[in-house]
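Q: What follows is a structure written as structure tokens; I'll ask about it next.
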Amino acid sequence: MKILKKLALIFIISSVIFVLFDLRNEYSEATQVLKKDSLSNNFEREFLDEIEPGCNLLENKKYDERENFDISLTIPDSKRWNSNLIKGKLRDGARIAETYKNQQYAFFTFKDKKSDQICFLESEVRISGDATDHINIEKMIASLDVELLNDNLFGFTDFKLFLPESRHYENEIFVTTLVSELGYLAPTSFFIDIDVNGINSRYIFQEKINKIFIESRNFKEGPILESYEQIAWGERDWFTTNTLVPPKINNKTWLRKSIDNQEFAKFAIEKVHKLKIYGIDEGDLDKYMCVDCVLNYESLNTVNSNYLKEYQLMLTVLRAHHGLSFSDRKYYVDPNTEFLYSIYYDGTPTLLNNQDGNLVLNPSELGEKQWEKKVPVLNLSQENIENLVSKIENLKYRDFIKKLEEKGLDSNTFLFTENEFKEYLIEDVEDYSSELNLVNNQSLESYLNSNTEKIEQFMFLFEENDKYEICEIDLITCEEFILPEDALVDVLSGDFFYEDKILIFIGNKTSIKINSDKKFINYKIYKNDQMNYSVYFIEDATFKYEKNVLTIENPTPGFRALIDSESLINEKIIFISNSNNIQYSPTLLTGCINIINSDLVNFEFQSNFSGCEDSLNIINSSGSINSVNIQNTKYDGLDLDFSNLKINSLIINNAGNDCSDFSYGNYEIQKALLTNCEDKGISIGEKSYFKGVEIETALSNIGIATKDSAITNIKNYKSNNDSYCIANYRKKQEFGVPRVKIEELICSSKNIYDQADKILDQN
């Protein structure tokens, strides 16, 4: 009877709220439409890749400035929204049914507390989360999944707003920040106050694991993997154990971009399958709480294996073991290095305990000799222990605390010092030992047959010699299968059904059973006795090394060279082709020559007649380059990403697209001459800072283009017969408009395009 009275009260209150919201929302929605129309009428596209400017009020704002705004979220169809909240909480047991998570139009209103200026951001929202703890029925609020439609918020276009209780309050922010500071991948998370349909609440803002997440961590976009977790849920209740939860690709847009992306995604899926295959058999589930945490790390090369082992140990010590379950893990595979990274998500950590408003460290459970049994780690070495201890000891605690303060945690409530905190973590790391002597005893057959409760839901897709084979769960009933055209994207992302069963891609039956310690599985290696670095390459070319000069000639069409994690001091590379290189490669390396994660000192590069997407691509590297001279490149000349580099001399002539591209980094060019560039002489984007001293462009579409929150600062710039001397505009939703400063400008065409009047100085 008490429950019925409570429900009746909830429905009465909800009905009143509906009326009030409807009155308010009619006005808000009308205001939003007017605002939207106003923006549309004022914007005229100048270039094909240009998008309209965002809200000036939020231009290039960071999340630590959020307290300067009153923030509200209006969901116009409040009746449907609140109905979904009530039904999602009360109708289907411990799980929120997917039928209540449909997207609805909404918009954010940002009001500057000082100026009263207002900004609107259109969005789509839905209820987020699996369990009903993501809905607070008394306050009529829920965790939210948000997709912004026309702008970004603090550089994010897609994010979650979690009810703090669903992520253990301060624990989620503390642990995600710490995991990031220790060198692992974790989403940015912070407290934020938002009024949702008149109800003011505190949320945990957390960025989504997507393209923006990957690129903001200095990686190129590649496959992001997660499990088919939804198929392991019961009909109305909790998670069904002993059920196969294989990996799938969650960034479908990236898959669609090219066949090469899809082929690399197959490689990535097979790589993750191998982690689970030959792990602990599901029959040991009664013995260990987290049997699917025990993975076959030895299927990877030593460096990658150690990285994942240490990550697992760290999350165990942080009491965030929920994020170690195979069904909850997310992965990213770097398309350039083939390295597999684990991404923190949904660890539900319990490291901190709130005692009367103060935060203390929960007592360790290691003393009970139960923790390691719950979350075992296979073959943990002393080196793994020492590496983690070193990371903890070298943690810049003051910087860590500052970041926590910016995210809404008050460090004055911490009842522990820096030394106490580090000693707490180090003690647990050093005391962690597995006396279980666990053995990898699983087979491919037992892995695929681990879904004893939902066996009817799957069929498996294998690939061998460019042919597909479809198999029933027993792996005996198999037949050749012709995959429908354009179906591969759906298969790899878990959206393809065959005879009402989910078709799961496994990989090659032969290779999936073979472990390899090789750094790059499909690459050959060139290294001369005189060289202090190695070159990995695909297909063939003529190599010659003499007196610090590496000459590469006569490459076959698919040739790509990769230099990874090296020191190139006073080295020179000469690349001579006949322009027969294919533009894109199955390796996903865009450059004919690719330098990644390296240190450069007085490096030199020279090329002629390259046919790759880039003649030279340098990623996540730093140092100095004496000279770059690129002639007659079929597409782009020089491409620098996520790097910090100084170039003394840059000469590029006759490029089929951009002569040079600079993104996500800091770049300084002393002298540059860029001529006959089909598109841009210099393209600067993605928050880059570009400094030039003597820059000259000629006979190009655009001399210098600055985009997407980049800053360009040039002392002397001369543009000869370029269609546009300067173009300054926004290209990607997650960024704002850029800024340009040129002290001395000679522009023969007199054509300058500045989308939002952000050129700081022009003489």
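Q: Roughly how many whole Å is it from the C-alpha centroid of the stretch 319-333 to that of the stretch 65-113?
A: 27
Q: Here is a further query. What spacing in nm lies between the two simple spin-label points modelled at residue 149 and residue 303, each 7 Å away from Cα in the Cβ direction?
A: According to this spin-label approximation, the distance is 4.6 nm.
Q: How far is it, in nm, from the label point at residue 543 to the one at residue 751 when both lie 7 Å from their Cα along the line to the Cβ?
A: Placing both labels 7 Å beyond Cα along the Cβ direction yields 4.6 nm.
Q: While we're here: If you take the charge dipole of the stretch 533-762 about its Cα centre, with +1 on Lys and Arg Cβ and -1 on Asp and Glu Cβ, which of 549, 714, 621 is farthest toward its positive end?
A: The listed residue farthest towards the positive side: 714.
Q: Once phi is turned into θ = phi - 60°, what whole-Hz ³J(HN,Hα) does the Karplus curve with 6.51, -1.76 and 1.60 give for every residue of the stretch 487-502, x standing for Gly and Pro?
A: The phi angles translate into 8, 4, 4, 5, 4, 5, 9, x, 10, 10, 10, 10, 6, 6, 10, 6 Hz.
Q: How large is ³J(HN,Hα), in whole Hz, for each residue of the stretch 158-170 in order, when computed from phi with the Karplus curve 6.51 cos²θ - 1.76 cosθ + 1.60 and θ = phi - 60°, using x for Gly and Pro?
A: 9, 7, 10, 10, 8, 4, x, 5, 6, 10, 6, 6, 4
Q: Roughly how many nanometres apart are two label points built 7 Å out from the Cα toward the Cβ at residue 419 and residue 62?
A: 3.2
Q: Between residue 474 and residue 124, what is the FRET efficiency for a Förster distance of 60 Å, r being their Cβ-Cβ separation, to the nearest 0.05?
A: Efficiency at R0 = 60 Å is approximately 0.90.
Q: If you don't mind, another one. At a 10 angstrom cut-off on C-beta neighbours, averaged per residue, how do the peptides 94-103, 268-277 rank from highest to lowest?
A: Descending mean neighbour count gives 268-277, 94-103.
Q: Holding the Cα-Cα limit at 21 Å, pick out from 646/687; 403/758; 687/758; 160/330; 547/572 the pairs that are longer than that.
A: From 646/687; 403/758; 687/758; 160/330; 547/572, over 21 Å: 403/758.
Q: Another question about this same structure. Compute, for the stretch 533-762, the length of the dipole vector about the Cα centre, with Cβ point charges of +1 (Lys, Arg) and -1 (Asp, Glu) only. Units Debye, rounded to 20.
A: 460
Q: Still on this structure, I have one more. Note the full-extension length gain between residue 390 and residue 117 as 0.36 nm times their separation in residues minus their Cα-Cα distance, in nm to one decimal.
A: 93.4 nm
Q: Apply the Karplus curve 6.51 cos²θ - 1.76 cosθ + 1.60, θ = phi - 60°, to the phi angles in the stretch 146-153 and return the couplings in whole Hz, x for Gly and Pro.
A: 10, 10, 6, 9, 9, 6, 10, 10
Q: Run the numbers for residue 723 and residue 411: contour at 0.36 nm per residue of separation, minus the present Cα-Cα distance, in nm.
A: That works out to 106.8 nm of additional length.
Q: Considering only DSSP beta bridges where both residues belong to the stretch 533-762, give the percentage that are antiparallel (nearest 5).
A: Counting DSSP beta bridges with both partners in the stretch 533-762, the antiparallel share is about 5 percent.
Q: Give, in nm to one decimal, the length gained when the segment between residue 627 and residue 522 is fully stretched (0.36 nm per residue of separation minus the Cα-Cα distance).
A: Going from the current span to full extension adds 34.7 nm.
Computed from the coordinates by the stated procedures, all read-outs in this text should not be read as laboratory data. Treat the numbers as computed from the prediction; the structure is a model and nothing was measured. A quick note on method: Cβ atoms are made from the backbone with ideal geometry, for glycine too, and the neighbour counts reach across all protein chains shown.
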